[in-house]
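Engineer: The structure is given below, and queries will be raised subsequently.
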There are 4 protein chains.
Amino acid sequence: MILKLSCPDRPGLVATLANFISVSGGNILEMSQFTDPIDEWFFIRIHIDVGDSKSKERSMIDTFESLGRSIDASWEFRSPGAKTCAAILVTKAAHCLQDLLSRTYSGDIPLEVPLILGNRTDLEPIADRYEIPFRHIPVEKGNKEASFDAYREAIDDSGAQLLVLARFMQILPPAFCETYSGRAINIHHSFLPAFIGANPYKQAFQRGVKIIGATAHYVTSNLDAGPIIDQEVARVEHFHTPEDLVRLGRDCECLALSRAVRYHSNDRVIIHGNKTIVFRD
Amino acid sequence: MILKLSCPDRPGLVATLANFISVSGGNILEMSQFTDPIDEWFFIRIHIDVGDSKSKERSMIDTFESLGRSIDASWEFRSPGAKTCAAILVTKAAHCLQDLLSRTYSGDIPLEVPLILGNRTDLEPIADRYEIPFRHIPVEKGNKEASFDAYREAIDDSGAQLLVLARFMQILPPAFCETYSGRAINIHHSFLPAFIGANPYKQAFQRGVKIIGATAHYVTSNLDAGPIIDQEVARVEHFHTPEDLVRLGRDCECLALSRAVRYHSNDRVIIHGNKTIVFRD
Amino acid sequence: MILKLSCPDRPGLVATLANFISVSGGNILEMSQFTDPIDEWFFIRIHIDVGDSKSKERSMIDTFESLGRSIDASWEFRSPGAKTCAAILVTKAAHCLQDLLSRTYSGDIPLEVPLILGNRTDLEPIADRYEIPFRHIPVEKGNKEASFDAYREAIDDSGAQLLVLARFMQILPPAFCETYSGRAINIHHSFLPAFIGANPYKQAFQRGVKIIGATAHYVTSNLDAGPIIDQEVARVEHFHTPEDLVRLGRDCECLALSRAVRYHSNDRVIIHGNKTIVFRD
Amino acid sequence: MILKLSCPDRPGLVATLANFISVSGGNILEMSQFTDPIDEWFFIRIHIDVGDSKSKERSMIDTFESLGRSIDASWEFRSPGAKTCAAILVTKAAHCLQDLLSRTYSGDIPLEVPLILGNRTDLEPIADRYEIPFRHIPVEKGNKEASFDAYREAIDDSGAQLLVLARFMQILPPAFCETYSGRAINIHHSFLPAFIGANPYKQAFQRGVKIIGATAHYVTSNLDAGPIIDQEVARVEHFHTPEDLVRLGRDCECLALSRAVRYHSNDRVIIHGNKTIVFRD
């Protein structure tokens, strides 16, 4: 099992947790720990071997309850092999969707994708190619809330625990962001916090930067300002046109988004305030 | 000789220039060319071999005058071996100064440094170590203009053609920026245009970015907004403190600044509006 | 039109070529030039605008013949918009094939893929997904020459000008390499010349390197020793298992191979001896 | 205190160590752990807060003895603030020496440098500049052993615990390597294991690679084959001459070497067989 936990720092936390695991008959396979010296906050991810016994797993999870509460912790247990069920939201740019599906099918990212949603139908053929249901839900200007209620319903029906916004070109209503807080990942096509908002590659071209980038982050109601999970950059030169930036940026977007989704699905991310602790693999 | 030239684009420019060089008895050793398809502007850098004859050089430069004007060009001829005479402005962070001097003495950057100026005296020992005159000119809050008049006088007396602001922590008066337009290079300790202004590493820490950077740019009166010459980035992780960002950023600053100064000194940069064309080597 | 040309260096080459283009009624849109100072060899790529007239194009190509010969040049004219017809050879690793097809369909690489060939059938479903004919030609140990004759026949029938070996796990017979000299691109899953031969990721793991890579190169009969077109690297840490290296390496392989195929298809590569001149875009 | 420890893996090691620390009145400030799943070996680095009491420190170190032995561990305790005393060996390339001294004086690397040794006198002026004793010990071809006895004597007299070979261009005798096993760091100017041996940049140029690099590793009697601590790479293009590779490589060398020395001095490296576990900061 994977245990992810964060709590206020205090002396003896590692010993307490290690003892608990030992006493419960588990063995630590891998432990990643971090203490934020400024916030005085403790973060840990432990890969615990409890053998094949499901009842031992269950019992460890139950017993942990009172320990967890006594240290004011937030925590989560999950089976390391479990796939994450993710719905993907798209508009018309294909590369991130293609990349995610290709990695899902190669086993690179442990995802199950029950549903692809588009506010346009451009990418339906890609969904068909992978035999994944595609749902077209247009977003109407005057009636955005209702459109997103339809998104929410479709997502919930699909059983998705995670939303991936793979170049979904719609600003989400605050309530929608709230619902999926901590489980919706967006890719922004700039090196945030530079070039917030629309047309970042055009902005980058006009500013004459020599490096462009992309940012994968959790969605919050504060546009482009959610906790960053990963970023990727590429060098550009004076001879690159805005179209070249778009092309070079596509690789950055695919790499940053797929790593972020991978870390999340492997229970390697802990959100703390507006930041992420990422125990990379 | 190195010829750097820019002008409105029109058909036949390469042929015109190549013919001129050929007819004047020169030979093209290296040619880098770029046409901006949006501004319809032509940029070229030509390394011309004219043999050892100084008079042939002189005559080519003189004859070029009418051709240059006929195509509405800005241009510059310079000897490729010539060192650039540069004054370095510092405050108290040593790394960029150390790096520039170390590269100057190894011959990596073709500089001559007749003068180091500081608004504090912290780095005087480094100047001493390299036996370069150090001038302490404090910047007084109430009398900034006068202080910078003193800077200007000292710089002009030193014969410097180029100013390098190696973590000089003072905002320059607009008139001063104007005087050294196109020949003052600053290093900003962030990946511009992110984190403009003070304390960029602290800003980066608070935003939780996963990549930090540094930006070398020409100074303009518009703070942190001048033409970018080069940028450098470094990955950061959740365990990096603000002090770690400062440390990792130092390498970015040294690399971006030294490359920018190198390109400039080797006549490899053409400024066009708020951008640079950099014919890298 | 794109003109790619290389020849022994001599004074006046740029002027000669620029004049030829000017006199033939063409205009230089973009010119990239390089002179190898050691081999004294001249390389140039010129994007020439000749308007819409096919006859003017034809006439320029014909007229160039005698000029080209007079300077002992190798040269090639091609239409900039033309797609390159490429056959892809695969075994069982899907990522490079997926990546190439995804980029082909997004228009990122100007390819047409009439045929995918496999010595196994594992990737036939991907070919089906993209509706590209798949041909299974097993390679028999005792009868390798005959197997590769079958490959050759299938490739020639398909009209392919370029072969892309997208993790094709067979050593090609020398005669086959000879036939496709300069038009077969392979991806080697190591940072060549390190870890030549089989199982490079395992070799890298055992050596304990901190950076791994991938190399796209033209195929020659000298295994893993052909002219390198591009390389890509990724950092690894002590906690990465051999399987992690394989995973991280996949991104390097896709990026290096797709860039190499892109440069080749856009006529941006000139082979010279065992090296490449790559005029990047 | 910093505790670095490695031992055969077994269940309960984290709990055992955490308990020991807790019972001894210490608190874990930071813990980095890694289990090698192939060798079944356990590695850990713990930053322990024991307050200001030197006697408590002493007692913890003494008490640990029997625990350490009982789990067949190798371990080391060190004060986190302690500077590492390092002798630097050089020949004539200045950049790595300059970079190390500049970082030492800025506090970036916690070193004390009591002695610089050269088989030539070229860099004596740099030692003078930093007021560090310089010892010239030529290496005579016929009498290499005796020369290196002189090195050993000088190093031991200086009190150095660490040797840094900052582009020291001499092959060390096996016995010398043995003496300083695990505490001599060399920088090799190639991306090992590519281009082992002499003139790696020339080799890289001839092979036409598109990325070059540098490797910092512990010295062993097996030339260029010791445990790698860090590596750094830079992109090269067709227009880079062998001299350009040397220039671009210098930055790689400085960065890889300084990081390696930094990790070592901060007790962040554990050697295991021919590999390193590096708990980066």
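Values in this text are rule-based calculations from the coordinates and carry no lab data. What you see is a predicted model; the values in this text were computed from it and never measured. Every residue, glycine as well, gets a Cβ built from its backbone with ideal geometry; the counts of neighbours run over all protein chains shown.
Engineer: Karplus couplings for the stretch D:34-48 from phi (6.51 cos²θ - 1.76 cosθ + 1.60, θ = phi - 60°), rounded to Hz, Gly and Pro as x?
Structural biologist: The phi angles translate into 8, 10, 7, x, 8, 7, 6, 10, 10, 10, 8, 10, 10, 9, 10 Hz.
Engineer: Something else about it: If amide H atoms are built 1.01 Å from N in the plane of the peptide, which residues on other chains or at least 5 residues away come under 5 Å of the amide H of B:ILE109?
Structural biologist: Under 5 Å from the amide H of B:ILE109 lie the amide H atoms of B:THR104, each far enough along the sequence or on another chain.
Engineer: Within a Cβ distance under 10 Å of C:THR179, other residues only, what is the Lys/Arg minus Asp/Glu net charge?
Structural biologist: 0
Engineer: Mean Kyte-Doolittle of at least -0.5 and a Cα length of 27 Å or more along the axis: which whole DSSP H helices of chain D meet both?
Structural biologist: What comes out of the filter, once short or polar helices are dropped, is D:242-265.
Engineer: Considering only chain C, pick the residue with its Cβ nearest the axis of the rotation onto chain D, and state the distance in whole Å.
Structural biologist: Per the Cβ-to-axis criterion, the result reads C:ALA194, 2.
Engineer: Here's another thing I want to ask about it. Principal axes first, then extents: for the Cα atoms of chain D, list largest minus smallest coordinate on each axis, whole Å, largest first.
Structural biologist: Taking max minus min along each principal axis of the Cα atoms, chain D gives 61, 40, 37 Å.
Engineer: Kindly state, to the nearest 0.05, the FRET efficiency for A:ALA175 paired with D:ILE171, given R0 = 60 Å and r defined as their beta-carbon distance.
Structural biologist: 0.30
Engineer: Kirkwood hydrodynamic radius of the stretch D:162-281 from all distinct Cα pairs, in Å?
Structural biologist: By the Kirkwood definition, the hydrodynamic radius is 14.5 Å.
Engineer: Taking Rh as the Kirkwood radius, which is the inverse of the mean 1/r over Cα pairs, what is the Rg/Rh value for the stretch B:213-281?
Structural biologist: With Rh from the inverse mean 1/r over Cα pairs, Rg/Rh is 1.06.
Engineer: Run the dipole for chain C about the Cα centre, Lys and Arg Cβ at +1, Asp and Glu Cβ at -1, nothing else charged, and hand back the magnitude in debye, nearest 20.
Structural biologist: Dipole about the Cα centre, nearest 20: 440 debye.
Engineer: Toward the positive end of the charge dipole of the stretch D:84-243, about the Cα centre and with charges on Cβ (Lys, Arg +1; Asp, Glu -1), which of D:THR91, D:HIS240, D:HIS189 goes farthest?
Structural biologist: It is D:HIS240.
Engineer: Let me ask something else. Average partner chain C-beta neighbours within 10 Å, per residue of C:89-101?
Structural biologist: Per-residue shielding by partner chains comes out at 2.
Engineer: Shifting gears a bit: What FRET efficiency comes out for the pair B:ARG10/C:ARG152, r = Cβ-Cβ distance, R0 = 60 Å, nearest 0.05?
Structural biologist: 0.75
Engineer: To continue, here is another question. So the label point sits 7 Å from Cα along the Cα-to-Cβ vector; using that for B:ILE171, what distances do you get to the other copies, in nanometres, sorted shortest first?
Structural biologist: Nearest to farthest, the other copies are at 3.0, 6.2, 6.8 nm.
Engineer: OK, next. If you average 1/r over all unlike Cα pairs in the protein assembly as shown and invert the result, what Kirkwood radius do you get in angstrom?
Structural biologist: 32.2 Å
Engineer: Which lysines does C:LYS275 reach when only Cα atoms under 24 Å apart count, and residues fewer than 8 places away in its own chain are ignored?
Structural biologist: In chain and number order, the partners are C:LYS4, D:LYS202, D:LYS210.
Engineer: Find the percent of Cα-Cα distances in the stretch D:2-78 that exceed 18 Å, and round it to a whole number.
Structural biologist: 34 percent
Engineer: Please list, by residue number, every one of the GluC sites (Glu not before Pro) in the stretch B:211-273 that is coil in DSSP and has at most 10 other beta-carbon atoms within 10 Å.
Structural biologist: When the GluC sites (Glu not before Pro) of the stretch B:211-273 are filtered for loop state and at most 10 Cβ neighbours within 10 Å, nothing remains.
Engineer: Now, a different point. Identify, among D:ASN19, D:LEU29, D:TRP41, the residue whose Cα sits farthest towards the positive end of the charge dipole of the stretch D:13-107, taking +1 on the Cβ of Lys and Arg and -1 on the Cβ of Asp and Glu, with the dipole about the Cα centre.
Structural biologist: Positive-end residue among those listed: D:LEU29.
Engineer: Still on this structure, I have one more. Taking H placed 1.01 Å from N in the peptide plane, check which residues at least 5 places from B:THR220 or on another chain put their amide H under 5 Å from its amide H.
Structural biologist: It is B:ALA225, B:GLY226, by chain and number.
Engineer: Taking a point 7 Å out from Cα toward Cβ as the label site, list the nm distances between B:GLU140 and the same residue in every other copy, smallest first.
Structural biologist: Nearest first, the other copies' label points are 6.7, 7.1, 9.7 nm away.
Engineer: Right, here's the next one. Ordered by residue, what ³J(HN,Hα) values in Hz, to whole numbers, does the stretch D:73-87 give under the Karplus form 6.51 cos²θ - 1.76 cosθ + 1.60, where θ = phi - 60° and Gly and Pro are x?
Structural biologist: Values, residue by residue: 8, 9, 8, 8, 10, 8, 6, x, x, 4, 7, 8, 8, 10, 9 Hz.
Engineer: In sequence order, what are the phi-derived ³J(HN,Hα) couplings for the stretch A:220-232 according to the Karplus relation 6.51 cos²θ - 1.76 cosθ + 1.60 with θ = phi - 60°, rounded to whole Hz, with x for glycine and proline?
Structural biologist: These are the phi-based 3J(HN,Hα) values: 10, 6, 8, 3, 6, 10, x, x, 7, 9, 7, 9, 9 Hz.
Engineer: To one decimal in nm, how far is B:ARG129 from the same spot in the other copies, if labels go 7 Å from Cα toward Cβ? Please give the shortest first.
Structural biologist: Result for B:ARG129, in nm, nearest copy first: 0.7, 5.7, 5.8.
Engineer: Quote the FRET efficiency, to the nearest 0.05, computed for A:SER53 versus A:ALA225 with a Förster distance R0 of 56 Å and r equal to the Cβ-Cβ distance.
Structural biologist: Once rounded, the FRET efficiency stands at 0.80.
Engineer: So who's got an amide H within less than 5 Å of the one on B:ILE211, skipping anything under 5 residues away but keeping other chains? H placed 1.01 Å off N, in plane.
Structural biologist: B:VAL236
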